[in-house]
1. Take the residues in segment 20-41 that are over 18 Å from HIS220 (Cβ atoms) and of a type in the set (A, V, I, L, M), then tell me which one is surrounded by the fewest Cβ atoms within 10 Å (Cβ to Cβ).
2. Quick one: in segment 172-221, of everything that is outside any helix (DSSP H, G or I) and of a type in the set (S, T, N, Q), which residue is surrounded by the fewest Cβ atoms within 10 Å (Cβ to Cβ)?
3. Is it the case, given these coordinates, that THR69 is at pLDDT below 90 and either of a type in the set (Val, Ile, Thr) or surrounded by fewer than 21 Cβ atoms within 10 Å (Cβ to Cβ) (or both)?
4. In this structure, is GLY128 in a helix (DSSP H, G or I), out of contact with any strand residue (DSSP E or B) (no Cβ under 8 Å at 6 or more places or on another chain) and open to solvent by less than 50 Å² (accessible area, probe 1.4 Å)?
5. Within segment 139-151, can one find any residue that is surrounded by 21 or more Cβ atoms within 10 Å (Cβ to Cβ) and part of a helix (DSSP H, G or I)?
6. Cβ-Cβ below 7 Å, separation at least six or inter-chain, first residue in segment 105-127 and over 13 Å from PHE38 (Cα atoms), second open to solvent by less than 80 Å² (accessible area, probe 1.4 Å) and part of a helix (DSSP H, G or I): which pairs?
7. Could we say that GLN156 is open to solvent by less than 30 Å² (accessible area, probe 1.4 Å), farther than 30 Å from PRO105 by Cα and within 24 Å of the chain's Cα centre (by Cα) here?
Amino acid sequence: MALFWIVIIMYTMIVLSNLTIILLSCVDPRLCTPMYFFLSHLSFLDLCFTTIVVPQMLFNLWGPDKSITYTGCVIQLGMLLCVGATQGVMLVVMALDRYVAICQPLRYPIIMHPQFCWKLVLLSWLSGLTESVTQTPITFRLPFCANHCLDDFLCQVPSLIRLTCGDTAITEWQMTVSAILFTIMPMGMILTSYGYIAQALGNIQSEEGRQKAIATCSSHLTVVFMFYGAVAMVYTDPKNQFASKCGKLVTFFFTVVTPLLNPLIYTLRNKDVRSALQRLLRKGISIRKQRKMIF
């Protein structure tokens, strides 16, 4: 029961913080830029990710029933793979946006125009959908044992593989390939882009501009390492000793803790977002005062 209330409080904070970022990106003209466009989509993905996991988790924590239906497990796994892979590609897209903004600032408005930004978002979702459609049927064709007791908070591939009684070498190999495509390769691309960004930062003459770029990039890198680090520990080798013993803790981290920390990392280190939130609150207060004066 203690964990139930902890999770429900964290989930409420996740919903409110991510919805705030989405709202600010939509209503504040100063945040109508590609960077905040992608950030709002990342917040939407965080909302989707936790909403897929948390309601079922709360249901199992509340009462004695700790079960999930077969259909529910299939749907949960498929949606998790889709949203998780989409989020991984979205982080690469955000790194590309920062690379163009810092390394090619004069061409930034031409390259990162709205149509191209929407195409990058669509590419992210198509990548996630491809991962889900490919991996989900393969996972549920595994020869499961008679005891269908998942030692986890949710239905995910490593936990399901540990339930099998037959040969899972092909499935593990396919999952390792997926981990390389959606974890190691994106991480390599992000680090490469930040290598060029680090070189470009030395050429920025304005100290204020350099500090702003560093703050934005460090926030993104923090989110990248949290997401990819947690996913790599569980998905790269599903039967390793660490994944078996600490899998639940890592799963809880990247499904509940990371979506909670992401908005805080971006807002606390970002003056534009903080200023937009203050303007929105002042506007709300002024509207409320005007209504009181009218009545």
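1. Pass one, segment 20-41, residues over 18 Å from HIS220 (Cβ atoms): 20, 23, 26-30, 32.
Retained after the next criterion (residues that are of a type in the set (A, V, I, L, M)): 23, 27.
Numbers: LEU23: 15, VAL27: 13.
Ranking the qualifying residues of segment 20-41, first place goes to VAL27.
2. Our first condition is that a residue be outside any helix (DSSP H, G or I); within segment 172-221, this holds for 202-206.
This time we only want the ones that are of a type in the set (S, T, N, Q), so: 203, 205-206.
Numbers: ASN203: 9, GLN205: 6, SER206: 9.
Per the stated criteria, the residue is GLN205.
3. Values: at pLDDT below 90: yes; either of a type in the set (Val, Ile, Thr) or surrounded by fewer than 21 Cβ atoms within 10 Å (Cβ to Cβ) (or both): yes.
So THR69 passes the test.
4. Details: in a helix (DSSP H, G or I): yes; out of contact with any strand residue (DSSP E or B) (no Cβ under 8 Å at 6 or more places or on another chain): yes; open to solvent by less than 50 Å² (accessible area, probe 1.4 Å): yes.
Considered against the rule, which asks whether it is in a helix (DSSP H, G or I), out of contact with any strand residue (DSSP E or B) (no Cβ under 8 Å at 6 or more places or on another chain) and open to solvent by less than 50 Å² (accessible area, probe 1.4 Å), GLY128 comes out as yes.
5. Looking only at segment 139-151, we keep the residues that are surrounded by 21 or more Cβ atoms within 10 Å (Cβ to Cβ), and these are 139.
Okay, now just the ones that are also part of a helix (DSSP H, G or I), so 139.
Yes, there is a match, as at least one residue in segment 139-151 is surrounded by 21 or more Cβ atoms within 10 Å (Cβ to Cβ) and part of a helix (DSSP H, G or I).
6. Short answer, once both residue conditions are applied: TYR108/VAL100; TYR108/ALA101; ILE111/VAL100; SER127/ALA85; SER127/THR86; SER127/VAL89.
7. Values: open to solvent by less than 30 Å² (accessible area, probe 1.4 Å): yes; farther than 30 Å from PRO105 by Cα: yes; within 24 Å of the chain's Cα centre (by Cα): yes.
Yes; evaluated as a whole, the condition is true for this residue.
Here is a yes/no grid of residues against (1) in contact (Cβ under 8 Å) with a residue 40 or more places away in the chain; (2) open to solvent by 30 Å² or more (accessible area, probe 1.4 Å); (3) within 30 Å of VAL177 (Cβ to Cβ); (4) acidic (Asp, Glu):
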residue	(1), (2), (3), (4)
TYR11	yes, yes, no, no
ASN18	yes, no, no, no
LEU61	yes, yes, no, no
MET79	yes, yes, yes, no
CYS103	yes, yes, no, no
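The values are calculated or read from the model by the stated rules, or taken from the named source; none is laboratory data. This is a predicted model, so every value here is computed, not measured. When we count neighbours, we look across all protein chains shown, and the Cβ atoms used for this are built from the backbone with ideal geometry, even at glycine. Heads up: the accessible areas ignore ligands, DNA and RNA and are worked out on the full protein's heavy atoms, side chains in. Shrake-Rupley method; radii C 1.70, N 1.55, O 1.52, S 1.80 Å.
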